[in-house]
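Notes for the one structure printed next.
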Amino acid sequence: METIHEHSNNNSIEVEDEMTGDAKWQKDAADQNFDYMFKLLIIGNSSVGKTSFLFRYADDSFTSAFVSTVGIDFKVKTVFRHDKRVKLQIWDTAGQERYRTITTAYYRGAMGFILMYDITNEESFNSVQDWVTQIKTYSWDNAQVILVGNKCDMEEERVVSTERGMQLAEQLGVEFYETSAKENIYVKAVFERLVDIICDKMSESLDSEPAMLAGGARGQRLTEPAQGSSTTNCNC
Amino acid sequence: MNEEIDEYDIYHQDFTTVSEWEVFIARIEEVLNEWRLSKSSLTKLSGEYTKKWTSKSEEIQFQSNKFILSYHTLERAKSPENSEETDDKSFLLDLHNGIWESTTNFIDDLDGSPFPVSSWYGLKRYIMLCSYSNTPLVDGNLIKLVMSTANIAFANIDCGVPFFVKIREHWQPTYLGFYEDSEHKVSFDTIHLKRISNQCSHLSGLVSLFKSKIASPVALDAVVVSTKFSYELREVDAFAWKKRTQSNEFLSVDGFDVKKLLELPFGSDKNPIHSVLLNAIWPKFRECAIVDSSTFSEIDPLMAPTWTITLKMRDTFNCQLSETINKVMDLLDNNNLLMDTLGLSKSLGLVNPLHKITEAPITISKLVKAAMGQSRHMTDFKGPIADELLMPLLYYVFPDAVEDNTFNYPEQLEVEFKPVDGEQKLCGYVKTSPEDGLVWRVSVTAARLFDAGGLPYLAHLWYEFCQELQYRWEHSILVPGVAEGAPNARTCLLHQKLQLLNCCIRRALEGTGSVPGNSSEDEFFDCSEGENDEQLPWDRPVGRLSRFGDAVMKNGAPLYIPRTQDPAPKTEDQLEEDAELMVRLGDDAKASELRARMMSASLLSDMEAFKAANPGAELCDFVRWYSPRDWKPDGGGALGDRMLLPGNAWAEAWSVARPVPAARQRRLFDETREAEQVLHFLRSRSVSSAAELLLPAILRAGAVKAHEEGVPHGSTTLGGVDTRRTFEIAARELHDAEREACRALCLRTVLGTSEEGKPLDVAGRSRVLGAAGGALPAPARREFTLRVRDCVAPQAMRAALASDMTIIGAFTERVVCL
């Protein structure tokens, strides 16, 4: 079989194997140089702009029309927070009713949710409560949520006022942003804020129970000094 | 003068000879300054305080000795209002008030700070200099030198916080301390002797010692005394300890009673009290009111105004629940196959999957054999648990196998996820399963059997459990005691697996048409077979569920929602595997496309069903039902922008979808494969992973037991922690709760309605005295607090006399420079 050289992604691994799966696997293994990993989910009604929002954040690109997400997809972005590398695994979900069963299966293990509605679409706003119920039913108890009203660049088509968004957020006890993936308004801020909230929550439970998070799932390195992590595992 | 010379060079040469000692002093000053402890930079002590101490420390080297200088302060409830003036007087006044107030406490009343000096002298902040852990400060000369150092540093920075030095061996509570301002010096002294000196063995001797230490004259009979005599009552069984035996007697066939097995043990079977300390307390009297000298003593504990009780528990006492749980927890390190314990791995095909075909596992379950009464002549596996014991156990776990069983599962199996009334339960973060459902029963039974008979017993139960499940699958008999529906990820994995198995069994039942009242498929099959025409016309609609409102298709025909296949039910480990697989693909566009294709199986199925139900449908009709926001009403129906993108997964799937009703499609859920997988999964568990499956229910059942025993509620919340860790935390929480429950029980037996450390009521006093046999032994410890306010300040001294003697004192003198 043909040899595959993965030069495109600045990764020096050259895999002499016909199985692309193996190549990907090694790439993933080489990708382990992070201090924490947070799994985040973007949820909300169909076509509120979840995929665009994610692409804006992860790739800093915008296309007016993405293919409607089939089931579930994800992107990875690594950010620095308090001198720690935080790898964000961000899952993008299909908003259609029929996909509920499939997507809710992924709620478990998510540390944060971006619950999105479209300020130009009343129905998507009315569904927010349903989505919150879904989170409560299927996610971990201390998963963090941020409410996002997307497409705030389309002011002339707005049907959900900022006040209503704020009110709802207050009622739900979550933070609220109005964003635009198109104009890149508050996209980064939402993710950064969510990461901060999760970090705060983690250190909070650390304070109350020091042993609690030590050895935790993927975030297990929280309590350990990031010893040598800057030098190890980096194949670049 | 010589302005050309580089001054920098000159002034950085050290012409002085700085001794190590001077460096030591300077270093202490430097640290104290850094902590801002001079009088001018400290705030007043007044205000509200919490009970929490905060500390900071620095290491300091002197000659070959390493010291730790630390500063400890009680946290304020509110940050102080900084406007208040501080001066010499206010610092000293605060200090004296503290000393005076603290004299109502006794030496052994501690306040949670790292050193006892704060409770001895009523301090809210203090500095402590300790030698490093392995070298105590015992050398007299060195002690003097260190004290001088402290004195100089203290004076140099005009420190506002009392300074203590820990001297002598580490186990000795000996601290020398001092505080100074321009007019006064307060000395904090400690004497610790291994024996009691004659002069100090009684109150009158202590009073004269106290007076001799005070420089200024003291009025006659001015010294106020508090006394506490402590009596250790070791005959604690006199407090009628209620023994609760919960042995493994259910194992003997005679005494067998499944009910004994249902309950997890709880509490200690031995008296966990080590000793009861009775404190006879005289809070306050004048020095002459009670005579206590070397020859005569008027002190009689029965006359003491106050009696309090302190319980000392054994360091280790057995907590039966925790022991049972910990034994199972220990299995988490055993990676052998559970069936290896019985030597069955090979015959079950667990070593090489290919053997499965040639050596068929024994699939007839014990329960069936029992029903058929033919357990004798069949080639059979004989486990360590005798049949007489095993059968009732199995009937307990699978009560539907016999008629008139006393252990039927509740009709409605409720899974409680979140506290209804907001009260947190112990171990609420451990995944649950229906209370007293099958998973609970098999888990608790396994724990008790393992406790009683070791791993072979556990393995035997597991084996029989798997056999029964296998039999039920093969004969389409639902597993009882499991919540209805698809695997619920909020329940524990074992429960999910059984839910999945039940899904398979139910599906198998539907397939054979033996489930009455259900079904779409039947309807369809009957219908098609009833047709004479073998070939269905391509445009004959099939598999319709209902009209979609009054919507019509682009061609004007009414739009129908088709019957669809439900997505395949999955357990959480399968979902994790799926997610893992998707993650491995990476996050580039290609991988994304691949994922979309992986995920489109159910999309395709739905499209095919839709096409079958709506002959002549176009993608826009489908989208109108499936993803309404991608549908535009223009011209009777059109696709939104996203659906028009070239090569998108929706359009592609639509182009390959054939009109096939759900009933005729390839199953998204292959029940045979899934059921076999569940059964293989269970059979092939290692010891550790079997323990992992059983522990959630054991822990939750333990928590329920603890609540029944009066443990109020838990306080721990958890998230984002792996299974193993969750178990450890839960086990620890239960252990603490169990210990606390034991202790609470002891307190109740000893104290009745009184509280520990609070004065006993009359009934309590007579009960304790009765338990002590009517008379108290010689006091184990005597403590005296002497205090007086002379013309300078309050002076205080305490003496604790046990087998050793500790005397501590705070004396203030006026420093007059003539």
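Quick one: what do you get for the range B:440-500 if you divide its Cα Rg by 2.2 N^0.38 Å? Provide the component values of the computation, followed by the final result.
Working: Rg = 12.8 Å, N = 61, 2.2 N^0.38 = 10.5 Å.
Cα Rg divided by the expected 2.2 N^0.38 Å: 1.22.
What's the extension gain from B:Tyr49 to B:Asn33 if we count 0.36 nm per residue and subtract their Cα-Cα distance? Please list the in-between numbers first.
Numbers: separation 16, 0.36 × 16 = 5.76 nm, distance 2.41 nm.
In short, 3.3 nm is gained.
Note the buried accessible area between B and A here, summed over both chains, with a 1.4 Å probe, in Å² to the nearest 100. Please list the in-between numbers first.
Numbers: alone 41760 and 12990 Å², together 50720 Å².
That pair hides around 4000 Å² of surface in total.
Note every residue of the range B:627-671 with a reduction of at least 10 square angstrom in accessible area, all protein chains present versus the isolated chain, computed with a 1.4 Å probe, or write none.
When all protein chains are present, B:Ser627, B:Arg629, B:Asp641, B:Arg642, B:Leu645, B:Asn648, B:Ala649, B:Trp650 each give up 10 Å² or more of accessible surface.
Per residue of the range B:743-756, in order, report the coupling 6.51 cos²θ - 1.76 cosθ + 1.60 (Karplus, θ = phi - 60°) as ³J(HN,Hα) in whole Hz, putting x for Gly and Pro.
Those phi angles translate into 5, 4, 5, 4, 4, 5, 5, 7, 9, x, 8, 6, 9, 4 Hz.
Take the cross-link list B:Lys270/B:Lys431; B:Lys166/B:Lys284; B:Lys44/B:Lys89; A:Lys87/B:Lys497 and give me the ones stretching past 22 Å between alpha-carbons. The partial results should precede the final answer.
Working: B:Lys270/B:Lys431 32 Å; B:Lys166/B:Lys284 31 Å; B:Lys44/B:Lys89 11 Å; A:Lys87/B:Lys497 32 Å.
Distance filter (> 22 Å) returns B:Lys270/B:Lys431; B:Lys166/B:Lys284; A:Lys87/B:Lys497.
Within 10 Å of each Cβ in peptide B:598-606, how many partner chain Cβ atoms are there on average? Round it to a whole number, please.
Numbers: counts 3, 8, 2, 2, 6, 6, 0, 0, 1.
That works out to 3 on average.
Give the accessible area for B:Val207 in Å² (nearest 10); use a 1.4 Å probe, count only protein heavy atoms, and leave out ligands, DNA and RNA.
B:Val207 exposes around 10 Å² with every protein chain in place.
Roughly how many Å² is the accessible area per residue of the range B:602-695, as a whole number, for a 1.4 Å probe? Don't jump to the answer; show the numbers that get you there.
Details: 3580 Å² over 94 residues.
Solvent-accessible surface per residue comes out at 38 Å².
If each residue of separation counts as 0.36 nm, what is the full-extension length gain between B:Leu594 and B:Val792 once their alpha-carbon separation is subtracted? It would help to have the intermediate numbers written out before the result.
Working: separation 198, 0.36 × 198 = 71.28 nm, distance 8.83 nm.
Contour length minus the Cα-Cα distance gives 62.4 nm.
Under a 5 Å amide H to amide H cut-off, with H placed in plane at 1.01 Å, what residues pair with B:Ala638 once short-range neighbours are removed?
Here the answer is B:Lys632, since their amide H atoms fall under 5 Å of that of B:Ala638.
Leaving out ligands, DNA and RNA, and with a 1.4 Å probe, what % of the accessible surface on the range B:87-127 is carbon or sulfur?
The nonpolar share, carbon plus sulfur, comes to 54 percent.
If you project the alpha carbons of the range A:119-172 onto the principal axes, what extent comes out on each, in Å, largest first?
Cα spread of the range A:119-172 along its principal axes, largest to smallest: 38, 18, 16 Å.
Please work out the Cα center distance from the range B:547-572 to the range A:72-126, rounded to the nearest Å.
Rounded to whole Å, the Cα centres lie 26 Å apart.
Over all directions, average the projected area of the Cα convex hull of the range A:76-137 and note it in nm². Show your work: numbers first, answer last.
Values: hull surface 21.8 nm².
Averaging across all directions leaves 5.5 nm² for the Cα convex hull.
Enumerate the calculated ³J(HN,Hα) couplings along the range B:152-164 in order (Karplus 6.51 cos²θ - 1.76 cosθ + 1.60, θ = phi - 60°), each rounded to whole Hz, writing x wherever the residue is Gly or Pro.
5, 4, 4, 5, 4, 9, 6, 5, x, 10, x, 10, 10
Apply the Kirkwood formula to the range B:145-233: the hydrodynamic radius equals the inverse of the mean of 1/r over all pairs of different alpha-carbon atoms; give it in Å with one decimal. Could the numbers behind the result be given before it?
Values: mean 1/r = 0.0621 Å⁻¹.
By the Kirkwood definition, the hydrodynamic radius is 16.1 Å.
Per 10 Å bin, what is the whole-percent P(r) computed from every C-alpha pair distance within the range B:29-171?
Reading upward from the zero bin: 10, 39, 37, 13, 1.
List the residues whose amide H sits under 5 Å from the amide H of A:Ala110, counting only those 5 or more places along or on another chain, with H placed 1.01 Å from N in the peptide plane.
Those lying under 5 Å, H to H, from A:Ala110 are A:Trp140.
Of B:Ala591, B:Met607, B:Ala579, which is farthest on the positive side of the dipole of the range B:577-624, counting Cα position, with +1 on Lys and Arg Cβ, -1 on Asp and Glu Cβ, and the Cα centre as origin?
B:Met607
What does the average come to when, for each residue of peptide A:45-52, you count the partner chain Cβ atoms lying within 10 Å of its Cβ? Display every interim value, and only then the final one.
Working: counts 2, 6, 7, 1, 0, 0, 2, 0.
Across A:45-52, the average partner-chain Cβ count within 10 Å equals 2.
Kindly rank B:210-218, B:789-797 from highest to lowest mean number of other beta carbons found within 10 Å of each residue.
On the way: B:210-218: 15.0, B:789-797: 19.2.
Order by mean packing, descending: B:789-797, B:210-218.
Short version: which residues of the range B:482-512 lose at least 10 Å² of accessible area, all chains versus chain alone, 1.4 Å probe?
Those are B:Ala489, B:Arg490, which lose 10 Å² or more relative to the chain on its own.
Show me, for the range B:434-440, the HN-Hα J-couplings you get by feeding each phi into the Karplus relation (A = 6.51, B = -1.76, C = 1.60, θ = phi - 60°), rounded to Hz, glycine and proline as x.
For the range B:434-440, the Karplus curve yields x, 4, 6, x, 4, 5, 4 Hz.
Considering amide H positions built from the backbone, and no H for Pro or chain starts, which residues 5 or more places from A:Arg81, or on another chain, come under 5 Å of its amide H?
It is A:Val86, by chain and number.
At 25 °C and 0.890 mPa s, grab the translational diffusion coefficient of the range B:551-705 from Stokes-Einstein with a Kirkwood Rh over Cα pairs, rounded to a whole number in µm² per second.
The Stokes-Einstein estimate is 131 µm²/s.
Any idea what the alpha-carbon Rg over 2.2 N^0.38 Å comes to for the range B:617-691?
Values: Rg = 20.9 Å, N = 75, 2.2 N^0.38 = 11.3 Å.
Normalised by 2.2 N^0.38 Å, the Cα Rg of the range B:617-691 equals 1.84.
Is there a simple number for the mean count of other chain Cβ atoms within 10 Å of the Cβ of residues in B:576-586, and what is it? Mind showing how you got there, number by number?
Working: counts 4, 0, 4, 9, 1, 1, 6, 7, 7, 6, 11.
If you average over the peptide's residues, the count of other-chain Cβ atoms is 5.
The values are calculated or read from the model by the stated rules, or taken from the named source; none is laboratory data. Everything numeric here is computed off the predicted structure, so don't read it as measured data. So basically every Cβ, Gly included, is an ideal-geometry build from the backbone, and we count neighbours across all protein chains shown. Side chains are part of the model used for accessible areas, which takes the heavy atoms of the whole protein and leaves out ligands, DNA and RNA. Shrake-Rupley method; radii C 1.70, N 1.55, O 1.52, S 1.80 Å.
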